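The values are calculated or read from the model by the stated rules, or taken from the named source; none is laboratory data. Source: prediction; values computed, not measured. Positions of Cβ are generated from backbone atoms using ideal geometry, with glycine treated the same way; all protein chains shown enter the neighbour counts.
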Amino acid sequence: MATLLTASGESRDVPGPLTLVQMQTQVGGWIELVTLRVERGARIALVVDDEGKLKGKPVNIAATALYHAALPGVQDVIVGDALLVRVEHEGVTGQEAWR
């Protein structure tokens, strides 16, 4: 399950696994993956709109706080809605499951 962190400060669970199109719909554009950490073989990441800053989207305070906590010293901000996801590799196929 992913968590949608909106730029307006709301959050809600989004059932997964998610497809590329579903992630694009949730964040409002082409996606970029911002890795926060790796734990137990899975990547914890934010899925964000790759062009959010160019589109003038507002700063996402909650997502930015997670980003800064994971990468101390980073000055950049996360804008627009963001999905907090766990990226797992399934079996021997190497397919990524976005949850």
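Laid out as a table, the results:
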item: Search result, residues across segment 58-77 that are of a type in the set (S, T, N, Q) and in contact with a strand residue (DSSP E or B) (Cβ under 9 Å, 6 or more places away or on another chain); result: ASN60, THR64
item: Residue list for segment 62-89, restricted to those being surrounded by 15 or more Cβ atoms within 10 Å (Cβ to Cβ) and free of Cβ contacts under 8 Å to residues at least 12 places away in the same chain; result: HIS68
item: Hits in segment 27-42 (condition: in contact with a strand residue (DSSP E or B) (Cβ under 6 Å, 6 or more places away or on another chain) and either under 23 Å from ILE61 (Cβ atoms) or in a loop (DSSP other than H, G, I, E, B) (or both)); result: VAL27, GLY28, GLY29, ILE31, GLU32, LEU33, VAL34, THR35, LEU36, ARG37
item: All positions within segment 27-61 that are surrounded by fewer than 17 Cβ atoms within 10 Å (Cβ to Cβ), at pLDDT 95 or above and over 13 Å from the mean Cα position of the chain (by Cα); result: GLU51, LYS53, LEU54, LYS55, GLY56, PRO58, VAL59, ILE61
item: Some residue of segment 19-26 being in a loop (DSSP other than H, G, I, E, B), surrounded by fewer than 17 Cβ atoms within 10 Å (Cβ to Cβ), at pLDDT below 95 and of a type in the set (Ser, Thr, Tyr); result: yes
